[in-house]
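Peer 1: Pasting a structure here, questions to come.
Bear in mind these aren't lab numbers, they're just calculated from the coordinates by the rules spelled out. Please read these numbers as outputs of a predicted model, since none were measured by experiment. Ideal geometry is used to build each Cβ from the backbone, glycine not excepted, and the neighbour counts take in all protein chains shown.
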Amino acid sequence: MDILYHLGMGLLQCLSPVTLLLLVVGVLIGLISGVLPGLTVVMGVILVLPFTYPMSATNAIIVLTAIYIGGTYGGAFTSILFKIPGEPIHVPLLWDGYPMARQGQAAKALGWTLYAAIGGGLMAAIIMVVVSEPFAIVALKFSTPEYFAIVFLGLTSVIVLGTSTIRQAVISLAIGILVATVGIDDIYGAERFTFGISILRDGIDYLTVMVGTYALAEVLKRLEEGFVSPTLKQVGKVKTTFPTWLEFKGQIGLFLRSIGIGTIIGSVPGAGATVASFVSYGMEKQYGKNRKEMGKGAPEGIVSSQTAATASVGGALIPLLTLGIPGSGCTAVILGAFLLHGIQPGPQVFATSLDMVYTIYASVFLALVIMAIIGYLAVKPMCKVLDAPESVSSAFIMVLCFIGAFTIRNNISDVWMMVVFGLIGYVMERYNYPIAPLVLGAILGPLAERAFLTTMISYSNNWTVFFTRPISGVVMFISIFGLLFTIFYPMLKSRQKQTTLGQ
């Protein structure tokens with residue numbers, strides 16, 4: 001009952017005019033940050049941080065958290081409608097969301113996304129409030145071996161992300177990991193694959209890879225086809241479509257699994273929403289009951305990735321508030337805001353600033369509701385853009401691609417990189433090589449390398465540590481089992497079928 005009392009008092013604080021206005025503004029900034037390629041959610045939080053200096057500590061944390069929450073949903077619009085993932089979080093979302101839009105079900109895809117975002121966020125927020133302290137203690141036991149194991153689980157899901165052969169998927173993943181190694185090594189400071197070219201010293205940003213291979217490559221592909229596409233339903237004239245109760249009921253199990261994955265991975269320092277989104281999608285693609293339809297416009301693909309992404313926000317806030325350990329890039333910035341206001345998050349905060357903690361908890365629930373309202377109102381006008389001629393929308397997409405690539409680091413070299421990867425993506429699609437593994441390798445490759453090298457340094461090059469530590473050992477077993485199952489199960493099934501036919 002004490003929890004409900006403190007949460008209610010926190011909610012009353014959030015409903016004050018100033019705080020409520022900050023919540024709305026924060027959610028809107030987060031949505032915009034998620035929509036624009038190149039303007040990441042972390043960047044949005046960083047840009048707003050200086051404006052929080054004159055605010056109270058509570059209001060400063062509330063507005064930054066609202067940006068974080070809104071950003072996990074904002075990129076859904078461009079991912080589903082234009083195949084432009086504004087955030088790495090939304091790369092798995094477009095694999096099923098965009099095909100649904102092409103089939104005239106854009107409103108339904110956005111409806112599923114909104115359901116997943118609000119459901120995952122609210123459940124994770126409840127978990128955050130109820131079990132924050134004991135859950136954070138478990139997360140504190142996670143070290144670099146566990147972090148590598150989780151990222152490795154995300155990388156192994158590459159085998160099932162595409163409809164191509166395993167060989168093609170592995171080749172695509174290898175290219176992505178190779179791209180991630182370009183530049184100066186984070187651990188030893190050595191130059192790798194720069195070939196004396198100055199623009200490669202800073203590395204190749206994964207956002208340029210993502211925008212080029214997905215958005216620009218798609219435009220080039222459509223250009224080659226002469227923008228001839230199947231007749232779409234006039235979704236702008238159709239009433240906003242949300243999943244029915246029966247459809248939603250059939251996905252409850254998936255919701256709960258994705259919430260669990262998102263909350264757990266979100267609490268791991270450094271993992272964040274991107275890893276949660278990839279892992280949740282990969283697990284559903286490997287073991288889900290409707291796994292064969294994923295990648296063709298299945299709601300399961302939308303629900304698994306978006307639910308885990310939004311749920312990771314609550315998971316990331318748990319170790320931040322109870323132990324002072326940020327669980328993601330955004331919470332690292334929020335930690336900086338705490339310190340700037342003279343507050344050190346940790347167990348002592350619950351004794352000295354309990355009201356502030358529960359006001360932040362209440363703001364998470366309120367921000368999710370505001371996000372849902374804005375998302376609901378935006379579905380119909382956002383679907384209406386599909387009424388425009390494809391040549392016009394493609395030109396608009398091109399402009400967004402170039403602006404997004406330039407704003408990543410305000411460097412024209414990123415624009416050229418984006419063009420190069422646009423051509424690479426076009427060639428790969430032409431020869432039926434999946435793009436998803438390449439992007440996955442570019443995003444998760446550096447994380448896996450950093451965790452692996454740090455573990456090797458810390459444990460005297462003893463690679464068995466990944467299997468001897470309980471948590472990392474279990475995750476590595478799941479990853480390896482999933483790989484072997486994906487590779488050998490079709491072979492065994494084919495052999496069994498041939499034996500049956502022979503009899």
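Peer 1: Which value in nm describes the separation of the simple spin-label points at Tyr53 and Tyr5, placed 7 Å from the Cα toward the beta carbon?
Peer 2: Label-label distance for Tyr53 and Tyr5, simple model: 4.0 nm.
Peer 1: Extension gain Ser458-Leu256, at 0.36 nm per residue separation less the Cα-Cα distance, in nm?
Peer 2: Here the segment from Ser458 to Leu256 would lengthen by 69.1 nm.
Peer 1: Then there is this: What's the FRET efficiency of Leu223 with Gln103 using the Cβ-Cβ distance as r and R₀ = 22 Å, to the nearest 0.05?
Peer 2: On the way: r = 21 Å, r/R0 = 0.98.
The computed FRET efficiency comes out at 0.55.
Peer 1: By how many nm would the segment from Ile471 to Arg409 lengthen if fully extended, with 0.36 nm per residue of separation less the alpha-carbon distance?
Peer 2: 18.6 nm
Peer 1: Going by the alpha-carbon gyration tensor, a ≥ b ≥ c the square roots of its eigenvalues, is the stretch 1-126 rounded (a/c under 1.5) or, if a/c is not under 1.5, prolate (a/b greater than b/c) versus oblate? Show your work: numbers first, answer last.
Peer 2: Values: a/c = 2.91, a/b = 1.61, b/c = 1.81.
Note, shape of the stretch 1-126 comes out oblate.
Peer 1: Here's another thing I want to ask about it. Within 10 Å of each residue's Cβ, count the other Cβ atoms and sort His6, His90 from fewest upward.
Peer 2: Least crowded to most crowded, the residues run His6, His90.
Peer 1: Could I ask something else about it? For Trp416 and Lys292, compute 0.36 nm times the residue count separating them, minus their Cα-Cα distance, and round to one decimal in nm.
Peer 2: Values: separation 124, 0.36 × 124 = 44.64 nm, distance 3.69 nm.
Once the chain is fully extended between Trp416 and Lys292, it gains 40.9 nm.
Peer 1: Greater than 21 Å separation of Cα atoms is the criterion. Which listed pairs, Lys83/Lys296; Lys83/Lys249; Lys83/Lys221; Lys221/Lys296, meet it?
Peer 2: Details: Lys83/Lys296 14 Å; Lys83/Lys249 28 Å; Lys83/Lys221 12 Å; Lys221/Lys296 18 Å.
Distance filter (> 21 Å) returns Lys83/Lys249.
Peer 1: In nm, to one decimal, how far is the modelled label at Arg167 from the one at Ile187, with both set 7 Å along Cα→Cβ?
Peer 2: For the pair Arg167/Ile187, the computed spacing is 3.2 nm.
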